[in-house]
Amino acid sequence: MKIKNELTASDLKGKLERFWQVSGKKINRIAEEYNTSKGSPVYTWAGKYTTRGWTEWTQGFQYGSAILQFDATGDESFLELGRKDTVEKMAPHVSHFGVHDHGFNNVSTYGNLLRLMNEGSIPENKWERDFYELALKVSGAVQAKRWATTADGPGYMYSFNGPHSLFVDTIRTCRALVVSDRLGHSLMEDNDKSVSLLGRMIEHARSTAKYSIYYGEGRDAYDEWGRTTHEAIFNRNDGNFRCPNAQQGFSGFTTWTRGLSWAMVGFPEELEFIETVSDEELKPYGGRAEIEAIFLKAAKATCDWFIKNTALDGIPYWDGGAPELYQLGDYTSRKSEPYNDFEPVDSTASAIGAQGLLRLGRYLGTETEEGARYFQAGLTSFETMLEEPYLSLEEDHHGLLLHSIYHRPNGWDYIPEGQKIPCGESSMWGDYHIRELALYVQRLIEEKPYYTFFNCVKGLKK
């Protein structure tokens, strides 16, 4: 991609104002038109939200979007919408033992509401606070229960595929463990054994860094700096790593860019969190220097891969090894082409990944050359998403961020008449994450408290 070195967050102020206007209309339209009896909305089909998938992993993004909209605009109708739906409908997600998505569903809803109370944006209410805190405490412990050990050290929270399966996505679910831990909770197992949720977060992140991310160190014939695999497979008889795999990417030996983006944002935000933890607490898990080195290496590698392998305007294609990608020639030397005939882009990888670029840049220091490079890359990608053909300005279309891909190998995505590949559609995870990205940048512009997931814990600030 071509990084715009002179672009500043303040340069995007006017575009952000339009963005939130468009965003509010989309939230209201979905609330008015979507048939909730079908399940939670997942992605759009011919411009209208519908549901499809293995689990209910996007409902928190729907209600969380309304909460973010309130945060950005002050419009209390969105607060009431997000709060009402969270209280009435999110409880099953809190105690859901069958998924790895607690950091998505529950931190995006209960967590955002509790953060707003801590920041004084909504009135202090003891029973409401206790309700949100209890939900977040339970959610983190339930998530941490999905635990598998490895033969050579750290364990991991396994995906809904089963104990053999480590998903790169789950690095962002670590948010649920962090929040629960900082609220004073732990996982209680047989014989009243108390398991540290901080410890499980660190161990899971170590495993993700070791098995899901490549560093050009000769691990296999396709090892390159920053490549990721969607799924790492383990032999559950002895805990040994067996092979990389992909569920939604092209293969285990290619980089599915949405999977990459989860690591891009997950590691930088955990680095931000680790800064708030005492040396004494980190000592049992290798100590600060070791933990930060592992997390930082993973963050830099994945962000570097994105920058190197993404189109000029900061929007990647759905997989770095997609079989027809060669037909596009040197696609990194041109702007992204969502309406091409060969392979789709995935704008949601940008919406998720750009936040990681910005956070990593801030962590390293935007006054440094290295930090500025990542930060400017994040702004470059974000600016592209604030304009057509990525920002959805058509009022009848439910989606906010266009050109999202859900499951290309399974053929789940809508292909419009006259097109040869999926394009022009949105997803609930993409719409939520571009809102979260927009809120992050807006707070920087307005010099408001720095936005982190762990601001929902009182007194815990970056």
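Computed from the coordinates by the stated procedures, all read-outs in this text should not be read as laboratory data. All values derive from a computational prediction rather than experimental measurement. For neighbour counting, all protein chains shown are included, and Cβ atoms are generated from backbone atoms with ideal geometry for every residue, glycine included.
A compact table of results
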| quantity | calculated |
| --- | --- |
| Two-decimal ratio, the stretch 63-196, of alpha-carbon radius of gyration to 2.2 N^0.38 Å | 1.12 |
| Per-residue Cβ neighbour rank within 10 angstrom, fewest leading, 206, 52, 115 | 52, 206, 115 |
| Calculated FRET efficiency for the pair residue 443/residue 22, C-beta based, R₀ 22 Å, to 0.05 | 0.70 |
| Equivalent ellipsoid, the stretch 35-107 (semi-axes from 5 times Cα gyration tensor eigenvalues, Å) | 21, 17, 10 |
| Which of 1, 385 has the fewest Cβ neighbours within 10 Å, and the rest in rising order | 1, 385 |
| Approximate spin-label separation residue 387-residue 126, in nm, with each point projected 7 Å along Cα-to-Cβ | 5.4 nm |
| Which of 187, 325 has the fewest Cβ neighbours within 10 Å, and the rest in rising order | 325, 187 |
| Net charge dipole size for the stretch 9-456 [Lys, Arg +1 and Asp, Glu -1 on Cβ; Debye, nearest 20] | 600 debye |
| For the stretch 9-456, the Rg and Dmax computed from alpha carbons only, in angstrom | 20.4, 63 |
| When the convex hull of its Cα atoms is projected in every direction, mean area for the stretch 338-462 (nm²) | 9.8 nm² |
